[in-house]
Amino acid sequence: MANLDYIKKFSNEIYATKKDIEIEMKTPLVDGIWTQVLSYRRDFYETIPLVNYDSNRFSICLTPVISKKINAFERKLTGLLNEYSKLQRNYANEYFRRKQYKKILKYIAKKYRIDTQDTVLDGIIDGTITYNLPTDQMILQRYYACLDDIEKNYLQDITENTIGNFYSKLMGTEDLTSYYRKTDSNKYSGYNIGGVKLGAAPNKIESLVNQLIKFINYDNQSVLVKAVATFYYIYYIKPFENYSEEIALLMMKKVFAYNDFNELSALIAFEVLLTDRDLLEKKIADCQKTYDLTYLVAHVLSVISEDLNKLDDEIVESQNHTIRKELYQADEAKQDKPLYEEPSLAVNVPNQTLDNDKVPLTESEMHNTSFEKPVVEVEEKVESVEEVKVESEEKPILEEPKVEENLDKYRSSEEIQAYKDLVKPVQPTIHGSEKLSFSQNIAIANVPTGLSEEEASKLELHLMEMNPSLSHGQAYFYARHCTIGMYYTVDQYKKCVGCAYETARTSMNNLVVLGYYKKEILKKKFVYIPVKRN
């Protein structure tokens, strides 16, 4: 293999360190190739505004292949979010959600060597277990509370308080007696991974965290790079006495959630990174030695991409599970229904009170009057089905009631005609029961139906590609609520997307600003009217 092939391989297929190249080529004599590898990478480095304890800035190496992998990863996430949104808030959603959270909590349990059962995890997710958990299992409940917070508040701004909020939940207290780490013992700044010191000095933690928050909110790097850099930085500076690894994972999810991957971010099992702790910390050490975060980005792409590929199947399984459950329930209902029911010969129609004093109906009363078929009772008891057949040949089981008998109850020919139109002959059936025929007319002949689900899904993806400022929830709602002449409300958005009212209001107002709706007030309530667009 020519040197150029080696250079590209060790920067694209494998983002290798010098030591990795020595192992791959089975020789320590790789100085020449290593120099050429660094020369090749130099053209693709981009610095980011995060520094280590020596004030050296970190960088990311975006070679063509790595950039392609990052874009593919984010496209995959977008596609999964679109599929997940179709589950909505039905049973399929709950089945998928429960399965993912149980998998995540098992990774955390494995880290702490907690032996737990599915029934306990189900209780934590359902909220039925709030007390009496063994002390060692409390971390599972608290970690789930953080995940639930990300899922429900994915649009909440990321600030210094976000990190403190996670720490507070993990500690199981709302009032923290202390915040950032105060000690600088060997447990932290003397903690070494591969000869590299991790854990910032206590007097630098606050400034480093503020630096990270600015990077998350204002830098123009891709979402994946921001999320991985956030994970690394929390892991590196270790801002708290405990739970720095958990907070690093939660902040990683929060970055994805805040950047339009919404509640799905909480359900992606980034916690799988903790299963091979030695490999993870090797990648972190490589980043710290070289100030190059690409080692960790490449590792995350490798590990998480495999898990994302499984999520497609998990979503399909959730949909199929729901279909099977619905069919099973339908079969149960059929089995519970008796094979033969005693025929009923009384037509139970709600009683209609007619004025015995023959007081003429007012116009408003006429509009509110429902002309329904009167109750007709048959006193004869039918002994058998055969008997019904014989009788039905001779005469109808029930004769059509004569309208003329009650005409004197009404005062106008229009009312009489309306009554005649609604009373239809009774059709006998083989079991002696009645079949009522009736017609129904509505004022609006053509009811607008909007787009089909398939068309709406295509429009939704088109909107997100055409206008990156749209969130996924906004695109999802608009694609299904864009019929000209209709009026939509914040409550509709809230129920459709499944978010908080304030989030729904903000989203609808943003759609107004972007020109998708115009906002008007109708009977003291705001409504949103689709604007015709090219």
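Annotation note: Cβ proximity below 8 Å between a residue of region 486-508 that is free of Cβ contacts under 8 Å to residues at least 60 places away in the same chain and part of a loop (DSSP other than H, G, I, E, B) and a residue that is among the β-branched types (Val, Ile, Thr) and open to solvent by less than 50 Å² (accessible area, probe 1.4 Å) (sequence gap 6+ or interchain) occurs for Met486/Ile529; Tyr487/Val527; Tyr487/Ile529; Thr489/Val527. The residue that is nearest to Asp307 (Cα to Cα), among those in region 55-64 that are out of contact with any strand residue (DSSP E or B) (no Cβ under 9 Å at 6 or more places or on another chain) and open to solvent by 60 Å² or more (accessible area, probe 1.4 Å), is Pro64. Applying the set (1) touching a Lys or Arg at 6+ places or on another chain (Cβ under 8 Å); (2) free of Cβ contacts under 8 Å to residues at least 60 places away in the same chain to Leu198 leaves exactly one unmet item: (2). Give region 142-176 a look and list any residue that's over 23 Å from the mean Cα position of the chain (by Cα) and among the aromatic types (Phe, Trp, Tyr), or say none. Passing the criteria: only Tyr167. Going through (1) free of Cβ contacts under 8 Å to residues at least 40 places away in the same chain; (2) closer than 17 Å to Lys283 by Cα; (3) open to solvent by less than 40 Å² (accessible area, probe 1.4 Å); (4) not charged (D, E, K, R) one by one, Tyr15 falls short only on (1).
Taking residues in region 272-295 that are under 16 Å from Arg41 (Cα atoms), and partners anywhere that are assigned to a helix (DSSP H, G or I) and of a type in the set (Asp, Glu), the pairs with Cβ atoms closer than 7 Å and at least 6 places apart or on different chains are Tyr295/Asp286.
Whether a residue is modelled with pLDDT under 85, of a type outside the set (Lys, Arg) and either loosely packed, with under 10 Cβ neighbours inside 10 Å or assigned to a helix (DSSP H, G or I) (or both) was assessed, and Gln440 passes this test. For region 115-153, residues that are in contact with a Lys or Arg (Cβ under 9 Å, 6 or more places away or on another chain), open to solvent by 20 Å² or more (accessible area, probe 1.4 Å) and either assigned to a helix (DSSP H, G or I) or of a type outside the set (S, T, N, Q) (or both) total 7. Count of region 154-170 residues, restricted to those that are surrounded by fewer than 17 Cβ atoms within 10 Å (Cβ to Cβ) and not in a loop (DSSP other than H, G, I, E, B), is 2.
If a residue has to be out of contact with any helix residue (DSSP H, G or I) (no Cβ under 6 Å at 6 or more places or on another chain) and assigned to a helix (DSSP H, G or I) to count, how many in region 22-47 make the cut? Here the count works out to 10.
Pairing each residue of region 28-51 that is open to solvent by less than 50 Å² (accessible area, probe 1.4 Å) with any residue that is assigned to a helix (DSSP H, G or I) and among the hydroxyl-bearing types (Ser, Thr, Tyr), provided the two are 6+ apart or on different chains, yields C-beta distances under 7 Å for Ile33/Tyr6; Val37/Ser11; Tyr40/Ser11; Arg41/Ser11; Leu50/Tyr233.
This table checks each residue for (1) under 25 Å from Gln288 (Cα atoms); (2) more than 37 Å from the chain's Cα centre (by Cα); (3) part of a loop (DSSP other than H, G, I, E, B); (4) modelled with pLDDT under 90.
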{"site": "Lys19", "(1), (2), (3), (4)": "yes, yes, no, no"}
{"site": "Pro49", "(1), (2), (3), (4)": "yes, no, no, no"}
{"site": "Lys76", "(1), (2), (3), (4)": "no, no, no, no"}
{"site": "Tyr84", "(1), (2), (3), (4)": "no, no, no, yes"}
{"site": "Lys99", "(1), (2), (3), (4)": "no, no, no, no"}
{"site": "Lys103", "(1), (2), (3), (4)": "no, no, no, no"}
{"site": "Ala109", "(1), (2), (3), (4)": "no, no, no, no"}
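Highlighted here are the helices (runs of 4 or more DSSP H) found entirely within region 211-294 that include at least 2 residues which are over 30 Å from the mean Cα position of the chain (by Cα) and within 27 Å of Arg142 (Cα to Cα): 223-237, 277-290. Report whether or not Lys310 is in a helix (DSSP H, G or I), surrounded by fewer than 14 Cβ atoms within 10 Å (Cβ to Cβ) and of a type outside the set (Asp, Glu). Answer is yes for this residue.
The values are calculated or read from the model by the stated rules, or taken from the named source; none is laboratory data. The shown structure was predicted, so the numbers you read here are calculated from the model rather than taken from an experiment. Methodologically, a virtual Cβ is constructed for each residue, glycine included, from the backbone with ideal geometry; neighbour enumeration extends over all protein chains shown. Just the protein is used for accessible areas: all its heavy atoms, side chains included, with ligands, DNA and RNA removed. Shrake-Rupley method; radii C 1.70, N 1.55, O 1.52, S 1.80 Å.
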